[in-house]
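Only one structure is covered here, and it is reproduced in the block below.
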Amino acid sequence: MEFAIFFFFAAVAVIFALVVVLHRNPVVGALSLVASFFALAVMYVLLEAPFLAALQVIVYAGAIMVLFLFVIMLLNLQHVAEPVTRPVQQFLGYTSGAAFGLGLLYYIVKYAVFAKLPAGPFVTDARTIGIKLFEAYVFPFEMVSILLLAAIVGALLLSGRQYQKREAAP
Amino acid sequence: MNTPLMHYLVWPLVKFLIAFIIVQVLVAAMNWIERRLLGLFQARLGPNRVGYKGLLQIIADPVKFLLKEDIVPASAEKVAYFLGPILPLIPAFIVFCLIPFGPPPTFTVTRVNVGLLLILALTSTGVYGIILGGWASNNKYSLMGGLRSAAQMVSYEVPFGLSIVGVLMICGSLDLVTIVRYQETNAWNFLPQIVACFIFLVAMNAENNRTPFDLPEAESELVAGYHTEYSAMKFAFFMLAEFSMMIVNSCLMVTLFFGGWTLGMFGIGLTTDVLRHMGMFGGILGTLIFVTKVMLFMLIYVWFRATFPRFRFDQLMDLGWKWMIPLALGNIFVTAIFILAGQERLMYWIGIVSIGLAAMYLFKPKPKRAAAPGKVAHAS
């Protein structure tokens, strides 16, 4: 039963992830990503981490992808043919993609296939995760928040500069 | 009888179906109640032709929706256009599995230890139908409605989630049953968390696109917003999802801030143990109490709709980001200080004092109009 559920949702996740990459319409891509995230959330439930599953859906499906869709629709990117890029960009894109894929494969093989995984059951309730996050992993946690803060400040600066220009123009 | 199959599949499904049917009846009734009440508020009659006081309107409306012609715009994105009304129904229906309607275990469908988070996760995905429907209609008004809805939902999800955090800190659990059990031995959460309760009330109105915040379907600006191009049953699905989500949010309000199925504080009154002693009758009584409270909040929705004029979009964003979120963060901060000091009971006074002040403001003697003619224009 568990295997059937796993393979069904794994297939859903992979297929929709492929649609994200291969489909031309950005709205379809964004929606497929949402479906893929939902399948991923089911994986977390199967791994006995319902807290993570709920967070996955709240943060990614509920907030971030809504914003993605918002931006896509605001810019109205529906049927625009992509401009032809320079061959250097294409080459760089393919090579960096392939390098990233190879690295990912190496680490998957190293840590998931040939390594012994710790046996369950794991404690995954909110209290344990919170205590871990704010005691053992407080430094990475704060680093991530600083990264996000930098992104917000950058976005504000960029939009603010445009606004100032428009104010000064007339 | 007690095989795992019965325990994990059959009984939850039966209970879910019963809850589902009750909720759908409430949704249908709500449509009539809302129109009658709006009539009352606006000094007109409301629907009163079909049946006694217009009660058969509950049946007449669905029949009309089913029989009307279903028009699909020629230039619509077909798949997304059909998905639009259906997508928000799925989370709106599944959520009723997670809400404890009465004393557990008989009157709750499932009990998940992160139940509250799951409800938030499901309700936050309801917006996709609106965005998708608005985009797929291929109509600029629909698209603007969908865009406004996306911006509004994302903005108000933040204070919505943050207002719950204070309750979680006091109760120390994400499990809705535990939260209710905490409230019956201590005070209902609206006393210590009156600020959070207020933010939740505003944010749930905004989440449901109800009138002070119904910019996605503002009829004076956008024709009908995201459902301009939808007719017949598809439009009814949007309505159904909206009313179901209203009931879900009212259920959350009652469970988090107003003691769920209980009718007692500090262990006195109709608590869970008292209800359990009464057996089956007690359970049904608890469920009735819960439904009554939920309906009270549904009436507050209608009351809001009749009372407040619509916000402008920049006012809406200002309210969300500049007032609601700082207020919610401040509430978390103050709650944390009280909990660290071990003085949680002191917070009850915040609630009592603020309710007292509000009552004093409401019932203060009004100045006579003739005495100050210059101030009449500002008296609103």
Q) Any chance segment B:41-55 includes a residue that's farther than 27 Å from B:Gly129 by Cα, of a type outside the set (Asp, Glu) and in contact (Cβ under 8 Å) with a residue 24 or more places away in the chain? A) yes
Q: Among what's in segment A:35-73 and is among the β-branched types (Val, Ile, Thr) and open to solvent by less than 20 Å² (accessible area, probe 1.4 Å), pick the residue that is farthest from the other protein chains (Cβ to nearest Cβ).
A: A:Val66
Q) How many of the residues in segment B:262-296 are open to solvent by 90 Å² or more (accessible area, probe 1.4 Å), part of a helix (DSSP H, G or I) and farther than 24 Å from B:Asn249 by Cα? A) 4
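Condition check ((1) part of a loop (DSSP other than H, G, I, E, B); (2) more than 9 Å from chain A (Cβ to nearest Cβ)) across all residues:
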{"residue": "B:Tyr81", "(1), (2)": "no, yes"}
{"residue": "B:Gly102", "(1), (2)": "yes, yes"}
{"residue": "B:Leu118", "(1), (2)": "no, no"}
{"residue": "B:Ile130", "(1), (2)": "no, yes"}
{"residue": "B:Gly133", "(1), (2)": "no, yes"}
{"residue": "B:Met144", "(1), (2)": "no, yes"}
{"residue": "B:Gly161", "(1), (2)": "no, no"}
{"residue": "B:Ser173", "(1), (2)": "yes, no"}
Q) Going by the conditions given, is B:Val167 of a type in the set (A, V, I, L, M) and under 21 Å from B:Val95 (Cβ atoms)? A) yes
Q) Is segment B:167-176 home to any residue that is surrounded by 22 or more Cβ atoms within 10 Å (Cβ to Cβ) and of a type outside the set (A, V, I, L, M, F, W, C)? A) no
Q. Residues in segment B:297-312 that are in a helix (DSSP H, G or I) and open to solvent by 60 Å² or more (accessible area, probe 1.4 Å): how many?
A. 4
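Looking only at segment A:6-34, which residues are touching a residue at least 40 places away in the same chain (Cβ under 8 Å) and either within 14 Å of chain B (Cβ to nearest Cβ) or open to solvent by less than 40 Å² (accessible area, probe 1.4 Å) (or both)? Steps first, please.
Taking segment A:6-34 and keeping what is touching a residue at least 40 places away in the same chain (Cβ under 8 Å), we get A:6, A:25-27, A:30.
Residues satisfying the conditions are A:Asn25, A:Pro26, A:Val27, A:Ala30.
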Q | Pick from segment A:105-142, criterion more than 14 Å from every other protein chain (Cβ to nearest Cβ), part of a helix (DSSP H, G or I) and open to solvent by 100 Å² or more (accessible area, probe 1.4 Å), ranking: farthest from A:Leu47 (Cα to Cα) | A | A:Phe139
Q | Counted residues, segment A:33-69 - those being of a type in the set (Phe, Trp, Tyr) and closer than 20 Å to A:Phe8 by Cα | A | 3
Q) Applying the selection to segment B:46-91, what residues are buried (at least 18 other Cβ atoms within 10 Å of the Cβ) and over 25 Å from the mean Cα position of the chain (by Cα)? A) B:Gly54, B:Ala76, B:Glu77, B:Ala80, B:Tyr81
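The values are calculated or read from the model by the stated rules, or taken from the named source; none is laboratory data. Please read these numbers as outputs of a predicted model, since none were measured by experiment. Using ideal geometry, Cβ is built from the backbone for each residue, glycine included, and neighbour counts are taken over all protein chains shown. Calculation scope for accessible area: heavy atoms of the full protein, side chains included, ligands and nucleic acids excluded. Shrake-Rupley method; radii C 1.70, N 1.55, O 1.52, S 1.80 Å.
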